[in-house]
Amino acid sequence: MNDRASECPHTHFEADVSVHRLTDEASGIVSNFIAEMSVRCTDCCEQFHFIGADAGHSFVRPTVNVGATTLHAPIAPGVAPMPARLQYEAPPRSFE
């Protein structure tokens with residue numbers, strides 16, 4: 001996780017985000033929404049990977065593709081309900 005592929009300081013970024021409406025095939029009614037996101041450094045073109053999510057697809061929690069370069073996140077319109085619990089984790093001290 002701390003290995004850098006280049007000497008680039010990674011100070012400029014581009015994010016690609018797409019939203020998919022998943023519909024019931026028979027009725028055509030939208031049943032789920034999924035946002036997919038990827039991030040790359042615009043200076044060196046290095047692709048970033050997402051940390052902490054399992055690979056695969058889920059309609060109840062974020063997941064990533066096999067290389068962890070695309071985040072698949074279930075989303076919904078409107079205001080989210082208050083979470084039952086909050087969790088905070090401290091980041092590593094450094095990426096050096």
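Structural remarks
- Residue in segment 42-52 that is assigned to a loop (DSSP other than H, G, I, E, B), within 15 Å of the chain's Cα centre (by Cα) and exposed (fewer than 11 other Cβ atoms within 10 Å of the Cβ) present: yes
- Evaluation of HIS57 against (1) within 12 Å of the chain's Cα centre (by Cα); (2) surrounded by 13 or more Cβ atoms within 10 Å (Cβ to Cβ); (3) at pLDDT below 95 (one fails), failing number: (2)
- Segment 63-81 - residue that is assigned to a loop (DSSP other than H, G, I, E, B) and either among the basic types (Lys, Arg) or farther than 14 Å from VAL39 by Cβ (or both) and, of those, modelled with the highest pLDDT: VAL66
- Test result for LEU86, in contact with a Phe, Trp or Tyr (Cβ under 7 Å, 6 or more places away or on another chain) and on the phi < 0 side of the Ramachandran plot: no
- Test for GLY52: is it of a type outside the set (A, V, I, L, M, F, W, C) and modelled with pLDDT of 95 or more: no
- Taking residues in segment 62-77 that are over 14 Å from ALA15 (Cα atoms), and partners anywhere that are surrounded by fewer than 18 Cβ atoms within 10 Å (Cβ to Cβ) and among the basic types (Lys, Arg), the pairs with Cβ atoms closer than 8 Å and at least 6 places apart or on different chains are PRO74/ARG61.
- Hits in segment 25-60 (condition: without any contact (Cβ under 8 Å) to a residue 24 or more places away in the chain and more than 19 Å from HIS72 (Cα to Cα)): GLU25, ALA26, SER27, GLY28, ILE29, CYS45
The values are calculated or read from the model by the stated rules, or taken from the named source; none is laboratory data. Treat the numbers as computed from the prediction; the structure is a model and nothing was measured. Positions of Cβ are backbone-derived with ideal geometry, glycine not excepted, and every protein chain shown enters the neighbour counts.
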